[in-house]
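J.: I'd like to ask some things about the structure below.
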Amino acid sequence: MALQVLAVDDSRTIRDMLQLTLSGAGFDAHFGEDGVHGLEVLEQTSPDVIITDLNMPRMDGFGFIEAVREQPRHRTTPILFLTTESAPELKARARSAGATGWIVKPFDPDKLIRALHMVAGNGDAR
Amino acid sequence: MRAPDPMAEIRASFFVECEELLESLQDGLTAMEGGASDSETINVCFRAVHSIKGGAGAFGLDDLVRFAHRYETVMDEMRAGRLSADAEAMRLFFRAADVLFDLVRAARDGTSLDEADIEATLSELEGLTGGSPKPEGEAEAVEFTPMTLSLDLPGLDISPDEAAAAPGWDISFKPERELFVTGNEPRHLLAALSEVGPLETRCDTSAVPPLWDLDPEENYLSWSMRLAADVDRERVAEIFDFVDGVCRLDISRCSSDVAGATACADRLSPDPTSARPDPEPEPATVPIAEPSAPTPVAAAGQTSPAPASPPEEPAKPKQTVRVDLDRIDRMVNLVGELVINQAMLTQSVAEMGIPANSPVSHGLEEFMQLTRDIQDSVMMIRAQPVKSLFQRMARIVREASASVDKRVRLVTDGEATEVDKTVIERLSDPLTHMVRNAVDHGLESRDKRVAAGKPDEGVVRLSAAHRSGRVIIEVSDDGAGINRPKVKQIAEEKGLIASGLQLSDSEIDNLLFLPGFSTASKVSDLSGRGVGMDVVRSSIQSLGGRIAISSEPGRGTTLQISLPLTLAVLDGMVVRVAGETIVVPLGSIVETLTLAGSEIRHLGPRTSVIHIRDSFVPLLDLGAELGYRTPLGQYDSSVVLLIAKEDGSRSALIVDEIQEQRQVVIKGLQESYGHVPGIAAATILGDGQVALILDPVDLMARASGATRAAADLTIIPGREPSAEESLHAG
């Protein structure tokens, strides 16, 4: 079964690129347009892995991750942080918010896929 | 169908998104300039720039990334409250937004920009934060090149001789509790590692306590692995990047190839020190987690209700679908054909003598209604608010006013008015020129304004509205008005008009539209650019529009553009005159009436008016105006169409017969015949006949007054006015 991915980013371009990359690699992708919308989509899906942006309207990436982690069923759902900054303190903040890993934007498609497999495994292995 | 390159499509949609982001940036900056100081407004601006940067990075648009990054950095200072949004800061923010706009355009069109100009804006911008342009700006920008993933694994430096050693890596890996809390899973990491090359894995379970002592959330396992792959260290370390700091990790080269197998195997044996859960690293990781964790939540909690305040629009994005414009155009054309087809069907049904209350007629009526609805919907797809256009004009005003040292405030009205996309695009150039003119020529210098008792800040007003089936766009200024004696003098000097002519005010104003009229003596470096008002007028005309000018000394000048709502279909009244079928746009007809001889008044040998409800309206014979016939002697009981101009003035057009009202598909004549005076376009009627579509206002403006009523018959001179004369006499 294909891995389910929830990707939350307010930029349509980034969502389009994620869609292209994810569907090309055989993932089933769902999208949220900001933190609040992401949580709504989360209600209707059960993603194997979540990708989120940092700067978003209504609820930013940190808020989103915390809100996801508060839900018992997503306590250990892998969450990748998609960010333009790669400063170490940002990583530390991401991790303390509960992020599993991070991908520097603009992302390299292969690297993103590798990272997804790294945190969520291969769909068929489940 | 060809499969379009998905990246090219995303790239195209990125630029569309950029336009939207730039628009919300403008909105945000305008709100800030207007005094909005809530954090959400600056956040909106920040996110707009940030998103442009993010997307631009994906396409390797380095110039755009670099600028957006530095712009964003300064904006972040304001976001953090270290920089106040004073007038100077806002001015620079606007200017930077303009440069960003240019960079987006340049990236899209593959053109280049003046580096120095960009750099100057940046350094001024960065001057706001007190610091000199940060060198890190450049350094950080490097991080946005694709593929970069920083690997800051401390204490894992390889010595040169290690690097030269045999292929293979020994890895010992002991996850800590925190690794699981962040959602990482050792199993997947090991799987990922095994994809790098052949992997030998040993799991050390010696530390697992008896079941009754087991903490289900604690980790008691550790792994020793040997990776037989000739890859560099980064490739291995990359896999553990996410768990760096939440596990104990050691990566080292196998020392030799043959003996190395055993050596490695030896080293794989569980190390007694690392086999036991080590309590020490845990508290070390906790401090990272504790203090910063609650902050973002609190911040998010505070900012989330903020969108209730001014900039609410971006908070509730509408669902949209992107469609290739060609597809819409194809649909518009098809609907056009459908309208023609429906007209033909109506005609055949009428010719068959089918009664009006028959099911066929009813069905046809519904069909007509549906066709109309489809048409409206299709037109709505193409329609866009003029807001983006107006925002571009805001920039023109900023730039123009700065270069001639005038203080100018742009007031816009009716930004939500929707106009066909093509019209909006093609309006950009003429409108730019008009706005520039208003700032440059329309408004007086600051001293003169003050001397005239006006505020030194001039106002340029830009408005859009729907009126009588057309779109009216006005550019007005509160300047000194047109200097009519001077305009007339220039026109005479340039030989555009004979000297000594008596001209009315509006005739003088219209001299500005003459080709070759350029008020060079007062043109500053700013306007001009080789475009005169004649070019503005012809570009408006090519859109089926009209431009009018009005001016009041001391009070200002107004330029009014009137445009059709759509470029494809028209509601028209089909009339017959002198044996020809003509379509008159329905929107311009106020009413139709049958003329009684007593209503006609004669103002002179060539001018008649009709008396309608307390007002006098000029009377024109359409047949004579178009040169189809000589004016008739007798107009008693003729059919008259009362036509209204946008400014409310009216004329009456005499026709022979009104046939019907219907929708017609506009087929342009411009390409084949150029601008035909009095004629807007042509169409194909239901029976396949070609009919001209009248431009009543143009016709009225050029009216020769060749129409004479019965009483004038005796004094008709012995010649017939040719079409040429009738149309050009005005």
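Where a number appears in this text, it was derived from the coordinates with a stated rule and is not lab data. Worth saying up front: this structure is predicted, and the values here are computed from it rather than measured. Virtual Cβ from ideal backbone geometry, glycine too; neighbours counted across all protein chains shown.
J.: Go ahead and run the numbers for FRET between B:Asp215 and B:Arg79, Cβ-Cβ distance against an R0 of 56 Å, rounding to 0.05.
T.: Given R0 = 56 Å and the Cβ-Cβ separation, E is 0.85.
J.: How far is it, in nm, from the label point at B:Leu603 to the one at B:Asp687 when both lie 7 Å from their Cα along the line to the Cβ?
T.: So the label points at B:Leu603 and B:Asp687 sit 3.8 nm apart.
J.: Tell me, what HN-Hα J-couplings in whole Hz come from the Karplus equation 6.51 cos²θ - 1.76 cosθ + 1.60 at θ = phi - 60° for each residue of region B:22-28, using x for Gly and Pro?
T.: Running phi through 6.51 cos²θ - 1.76 cosθ + 1.60 with θ = phi - 60° gives 5, 5, 6, 5, 4, 4, x Hz.
J.: Per residue of A:50-61, how many C-beta atoms from partner chains lie within 10 Å of its own C-beta, taken as a mean?
T.: 5
J.: Given a Förster distance of 45 angstrom, what is the FRET efficiency for B:Ser499 paired with B:Asn333, based on the Cβ-Cβ distance and rounded to 0.05?
T.: That gives a FRET efficiency of 0.30.
J.: Report the net charge of residues surrounding B:Asp571, where surrounding means a beta-carbon distance below 10 angstrom and charges are Lys +1, Arg +1, Asp -1, Glu -1.
T.: So the surrounding residues net to +2.
J.: Now for a separate question. Using a cut-off of 10 Å between beta-carbons, work out the net charge of the residues near A:Gln4 (Lys and Arg +1, Asp and Glu -1, A:Gln4 not included).
T.: -2
J.: Where does each of B:Lys488, B:Lys421, A:Lys105 land when they are ranked from fewest to most other beta-carbon atoms within 10 angstrom?
T.: Result, fewest neighbours first: B:Lys421, B:Lys488, A:Lys105.
J.: At B:Lys486 and B:Arg91, where each label point lies 7 Å from the Cα along Cα→Cβ, what is the point-to-point distance in nanometres?
T.: According to this spin-label approximation, the distance is 2.7 nm.
J.: In addition: What order do you get for B:452-460, B:533-541, B:499-507, B:474-482 when each peptide is scored by the mean count of other beta carbon atoms within 10 Å, highest first?
T.: In descending order of packing, they fall as B:474-482, B:533-541, B:452-460, B:499-507.
J.: Considering lysine pairs in region B:386-564 that are 8 or more places apart or on different chains, how many have Cα atoms under 24 Å apart?
T.: Final tally of qualifying lysine pairs is 14.
J.: Report the net charge of residues surrounding B:Arg382, where surrounding means a beta-carbon distance below 10 angstrom and charges are Lys +1, Arg +1, Asp -1, Glu -1.
T.: So the surrounding residues net to -2.
J.: Given R₀ = 60 Å, what would the calculated FRET efficiency be for B:Glu115 paired with B:Gln347, taking r from the Cβ atoms and rounding to 0.05?
T.: Working from the Cβ atoms, E equals 0.40.
J.: Still on this structure, please answer the following. Debye calculation, C-alpha points only, no solvent: report log10 I(q)/I(0) for region B:386-564 at q = 0.11, 0.19, 0.20 Å⁻¹, in the same order as the q values.
T.: Taking Cα atoms of region B:386-564 as identical point scatterers yields -0.45, -1.34, -1.45.
J.: Moving on. Taking each pair of different alpha-carbon atoms in region B:6-137 once, compute 1/r for the pair, average those values, and report the inverse of that mean as the Kirkwood hydrodynamic radius in Å to one decimal.
T.: So the Kirkwood estimate lands at 14.8 Å.
J.: Let me ask something else about it. At 0.36 nm per residue, minus the direct Cα-Cα distance, what do B:Val676 and B:Phe616 gain on full extension? Give it in nm, one decimal, please.
T.: 18.7 nm
J.: Provide the three semi-axes, in whole Å and in decreasing order, of the ellipsoid equivalent to region B:326-383 as defined by the square roots of 5 times the Cα gyration tensor eigenvalues.
T.: Output for region B:326-383: semi-axes of 27, 12, 6 Å.
J.: Next question, about the same structure. Taking 0.36 nm per intervening residue step and subtracting the Cα-Cα distance, what contour gain separates B:Ser37 from B:Asp636 on full extension?
T.: Contour length minus Cα-Cα distance gives 208.7 nm.
J.: With label points built 7 Å along Cα→Cβ from the Cα atoms of B:Glu366 and A:Glu70, find their separation and express it in nm.
T.: 5.4
J.: Quick check: residue separation of B:Arg235 and B:Asp326 times 0.36 nm, minus the Cα distance between them. What number comes out in nm?
T.: Fully extending the segment from B:Arg235 to B:Asp326 adds 28.1 nm.
J.: Is there a simple number for the mean count of other chain Cβ atoms within 10 Å of the Cβ of residues in A:13-23, and what is it?
T.: 5
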